[in-house]
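Here the structure is laid out as structure tokens; the discussion comes afterwards.
The values are calculated or read from the model by the stated rules, or taken from the named source; none is laboratory data. Quantities reported herein were computed from a predicted structural model and do not represent experimental measurements. Reconstructed Cβ throughout: ideal geometry from the backbone, glycine too, with neighbour counts over all protein chains shown. The accessibility values were calculated without ligands, DNA or RNA, using every heavy atom of the protein model including side chains. Shrake-Rupley method; radii C 1.70, N 1.55, O 1.52, S 1.80 Å.
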Amino acid sequence: MKAILMLIMLTLGTTVFAQNQKINFEPVSLSDALKKAKATNKLVFVDCYTEWCIPCKQMEATVFKTDSVAAFFNSKLVNLQIDMEKGEGPEVLKTYNIGAFPSYLLIDGDGKVLYKFVGGMPAEEFMVHIRKGMKADNEEARMLARYAAGERQPDLLRALVLLKLRIMEIEVGKHINGELMDLLTPEQRALPENWVLFEENRYAMYLSNVDTRNFNYLADNWRDFAATNHKDSVDKKMSHIFRKLASECLDGYHFKNTPYHKADFERYKAQITATEMPDKNQLLVLIEMAQAAGEKDYKRVTSLFEKNIPTFSEDNLRITWPYVSMCSLIPGYKYPRAKEIANKVIKQTKNPYLVSTCEMLKEQQVRANKPVKEDQSK
């Protein structure tokens, strides 16, 4: 019995010890880490983090303390953590074009990046990246070498655009996208393999948002894309962008960095008018509302909204949310026609969250118009 208890205690002790393993990050500068890597024929792993980054803390608390991960890193790599906002961090951020946190670098002894990836992830996915990146001829390294040597094949450029955006080297990705667009003929731009650069996906906010080169080209040449990528997909993409633009104009987000210019909105309306989107008339109303918001003509925003609610699809009724946000941002706003608008939306929508928002809108109208009690102490 004692022997069994001893075995259990030893097993538990081993387990506890194993669970206490973690990546040993060296308390040295990057230049010293590179020297050590060169002397020991290893690569440097750099965890680029900030103190306020939640995924960084999660990786620190979980993946970096996973037994198999820690054992691998401590035996195979020279490990370094650098706060991107302190010490040599800002210089490292600039040198290695760090655009998101956490970012991870695998660097050789000469300071050359062999592999870069970003974001929080499970240990298994993390190790897939590490093992791939430790190979000097990994796919990413080969693509970058081909590009550096002057190769400009469309397939290579397209893959590099997506790679650079995934690792948050945004400006580089946009530059390569420009190179690719310059290289392609109009017929080639509309090919299915290039639709990823125009469609709504994780890259769209950088490549094909409103006013970008790619989106303007799509809007002007939508028939070419519809012929090769299904008209429904093209319509959904363009509809999404104009709906998103209207929403961001009403809630004020768009105008934080983009001053209002009437000519811009006239161009948006011309782009919509030239399409055959099923909801183009609704989208024109949304852009009219957005334009009125840019002109701070809130009475017109309200009038356009109330008048057209019965014609709006479920997707376009979502303009209710930014409309409510707009109202809440206007100092001293009394919420005119709020009850009528709310009731019309409730009648039109099947979305329970929109219904609850409309009930809240009616309550805000009541509060905003509640008489202020006089101070009885005077």
*Given (1) under 18 Å from the mean Cα position of the chain (by Cα); (2) within 20 Å of K237 (Cα to Cα), where does G173 come up short, assuming only one miss?*
(2)
*Enumerated helices (runs of 4 or more DSSP H) restricted to the stretch 97-201, each holding at least 1 residues that are of a type outside the set (A, V, I, L, M, F, W, C), in contact (Cβ under 8 Å) with a residue 12 or more places away in the chain and open to solvent by less than 20 Å² (accessible area, probe 1.4 Å)*: 123-133, 170-183
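Condition check ((1) open to solvent by less than 10 Å² (accessible area, probe 1.4 Å); (2) not in a helix (DSSP H, G or I)) across all residues:
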position: V210; (1), (2): no, yes
position: K237; (1), (2): yes, no
position: R243; (1), (2): no, no
position: E248; (1), (2): no, no
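Residue by residue, here is whether (1) part of a helix (DSSP H, G or I); (2) touching a His at 6+ places or on another chain (Cβ under 8 Å); (3) surrounded by 15 or more Cβ atoms within 10 Å (Cβ to Cβ); (4) at positive phi holds:
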| residue | (1), (2), (3), (4) |
| --- | --- |
| Q282 | yes, no, yes, no |
| M289 | yes, no, yes, no |
| V301 | yes, no, yes, no |
| K307 | yes, no, no, no |
| P322 | yes, no, yes, no |
| G332 | no, no, no, yes |
| E340 | yes, no, no, no |
*Can W222 be described as crowded, with 18+ Cβ neighbours inside 10 Å, of a type in the set (A, V, I, L, M, F, W, C) and over 21 Å from L156 (Cα atoms)?*
yes
*Please work out which residue is nearest to the chain's Cα centre (by Cα), limiting yourself to the stretch 197-229 and to residues that are more than 20 Å from S247 (Cβ to Cβ) and basic (K, R).*
R213
